[in-house]
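This report concerns only the one structure given below.
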Amino acid sequence: MTTTSVDATGRVSGGAAGPSPAAPGPDRRRRRKPPGTPQTWTAIGFAAPLLAYLAVFYAYPLWRNIELSVHDYTVRAFVLGNPEFSGFEKYAEVFASDSFGTALLNTALFTVVSIAFQYAIGLALAVFFRANFRLSGVLRALFLVPWLLPLIVSASTWAWMLNSENGIVNSVIEAFGGEQINWLTSPDTALTSVIIANIWLGIPFNLVILYSGLQQIPSEMYEAASLDGASARQQFWRITVPLLRPVSAITLLLGFIYTLKVVDVVWIMTTGGPGDSSLTLAVWSYREAFGTGQPDFSPAAAIGNLLIVIALVFGFLHLRMQRGWEKS
Amino acid sequence: MRTRSWPKTVLGVVFCAFMLFPVYWMVNVSLTQTGDLRRSTPQWFPTDPTLEGYRAAISQQLPSLGTSLVVGLGCVALTVVIAAPAGYALAILHLRGGKALNFLLLVAQMIPAVVMAMGFYAIYVRLGLLNSVPGLIVADSTIAVPFGVLLYTTFMAGIPRELIHASRIDGAGPWRTFTKVVLPISRNSTLTVSLFAFLWAWSDFIFASTLARSGEFVPITLGIYQYIGNNTTQWNAIMATAVVASLPAAILLVVAQRYVAAGVTAGAVKD
């Protein structure tokens, strides 16, 4: 989540600080220029690199991806460029595959459980850090470290910590009289293992966003509440939770969209195995295309497009919610 | 709400220690003797530290560190060159259809990297761009460009109109206004965008493992990955490489943190 989470912050702060009617002065509002004036062409000129970039490096790869999914691309056809058109056959194959049910269920578990824990722990920490105690700034900054590390670094560290024979986790469990757990190599625990690592990775993102959300709740509210004799618990449920609702919703939705895309962590720790036991849709797509000796791009592209559709549905939900708040 | 109590600090330190334990463990293992790695009870502290892991890491991974540096810097340059003028067009020149473009950029950020990787692979196979540094720079930049444009747009929209008008009255054209007024004011945004563009390119695994997996130039993330595949006994060397790969992120953030913090809030007038 290193990459994904940061751009989310930019977006969230952009959304929160964006054009709300009250904030900027009237001189900052848009003034429509009549079309065809030199001004318009200048604007297009400055945006031209981006427009060209989006067309060549976003639209074209996506188009190629759709094309891959509706053709039967064997390795040979891939190099020669003469695949057979197969329509939605590849999609049907994906849906009928034995791995599909497992991958769908794993994806649901992976995203929902990861996000639930990331959010709960992130919120608890944000509330904890809201009180300005000694060193709180430094400690809060240190919490960001997992977020900054390259994913391969965190994932391989976790893989070694969860190693069956030499891992520190099993060593602690055995010291307390427990039995050795084959975290990454047993089908029963592989998914749990990658979820644990992913929760750890996502806590900083949740902490940062929820903390900045808490900063926007006026402290007078808490002061008034404690004057009225409200307990800390009452303050949390009656003030923090309701006033944090918009920020929470955005955090959860972005978390969902970004967890859906996760490949690296799972791939590095378990490669989706053993068998299909920790296979998610994104990892499945990666495995079909690049993970085995024999690349199978057409089904991989079909799975990828399915992922885009799921992400977009929730993305639109996010945009609608954001728009709703900007209006209110 | 200022509590000056130590118990909370102690609790905070405990939470932090718990959270950062994997990072500590990475450093600890990187300093462990090879012979001690396979002991049934791992050593909690590097009582007998060795640098053999680091020696192995440096001797084998130096070229890939160089590759990652070049890819990261290239990605920064490409991202800023595209995002800064686009932000100017959207925020100050009021590009027509700007709302739709903003929307497209949001959608772009939702596309899974694995999908982009397949698309790029299909294109690069034909163009012979697989395993090339420019090819990887372009692919990695797709992570940062939408973010960069949105960040520049948000910041530039807050630049006081008076500055732009003053520049126009002085006879500066849009290009001069952009380079002499808007860009210098947006310095902090440029730093933020550059910082993240570099970090994302440096940390990228998916594009590296699909578009540059068998070339001469392998970025550091892939170096670690191949390391894991090749010699699973030398975890001290793997963890040492991991520590080295984490350094730029740590350094950049410590050094540039104040710019990031100052970035969005500091206005031109105060400068």
Compute the semi-axes of the equivalent ellipsoid of chain B, taking the square root of 5 times each eigenvalue of the Cα gyration tensor, and list them largest first in whole Å.
-> 41, 27, 15
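State the percent of C-alpha pairs, over all pairs in the protein assembly as shown, separated by a distance greater than 38 angstrom.
Working: 60546 of 179101 pairs.
Here the tail beyond 38 Å accounts for 34 percent of pairs.
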Shielding of A:263-271 by partner chains, average beta-carbon count, 10 Å | 3
Rounded to the nearest Å, the spacing of the alpha-carbon centers of the stretch B:150-192 and the stretch A:165-210 is 49 Å
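For every helix of n ≥ 4 consecutive DSSP H residues, a contribution of -39,500 (n - 2.57) applies; sum these over chain B, divide by its total residues, and give [θ] at 222 nm rounded to the nearest 500 deg cm²/dmol.
Numbers: 11 runs with 189 residues, N = 271.
Rounded to the nearest 500, the figure is -23500 deg cm²/dmol.
Quick check on packing: order B:79-90, B:15-26 by the mean number of other C-beta atoms within 10 Å, highest mean leading.
Numbers: B:79-90: 25.8, B:15-26: 17.0.
The densest-packed peptide leads the list: B:79-90, B:15-26.
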Peptide B:20-33 - average C-beta neighbours from other chains (10 Å radius) = 4
Based on the mean of other beta carbon atoms within 10 Å per residue, what is the order of A:304-310, A:270-276, B:203-209, A:289-295, most packed first?
-> B:203-209, A:304-310, A:270-276, A:289-295
Taking the Cα centre of chain B as origin, sum charge times position over the Cβ atoms of Lys and Arg (+1) and Asp and Glu (-1), and report the length of that vector in debye to the nearest 20.
-> 780 debye
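Can you give the calculated 222 nm mean residue ellipticity of chain A, where each DSSP H run of n ≥ 4 adds -39,500 (n - 2.57) and the sum is split over every residue, rounded to the nearest 500 deg cm²/dmol? Write down the numbers at each step before the final one.
Values: 17 runs with 219 residues, N = 328.
About -21000 deg cm²/dmol.
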Compute the FRET efficiency between B:ALA250 and B:VAL81 as 1/(1 + (r/R0)^6), taking r as their Cβ-Cβ distance and R0 = 35 Å, and round to the nearest 0.05.
-> 0.80
Percent relative contact order of chain B, based on C-alpha pairs within less than 8 angstrom and at least six residues apart?
-> 33 percent
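Tell me, what is the percent relative contact order of chain A, built from C-alpha pairs under 8 Å that lie six or more residues apart? Mind showing how you got there, number by number?
Values: 336 pairs, mean separation 90.6, N = 328.
Taking the mean separation of contacting Cα pairs over the length of chain A, I get 28 percent.
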For B:VAL76, B:VAL70, B:VAL10, ascending order of other Cβ atoms within 10 Å (fewest first) is B:VAL10, B:VAL70, B:VAL76
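Laboratory data are not the source of any read-out in this text; all were calculated from the coordinates shown. Quantities reported herein were computed from a predicted structural model and do not represent experimental measurements. Note that we place each Cβ from the backbone using ideal geometry, even for glycine, and neighbour counts take in every protein chain shown.
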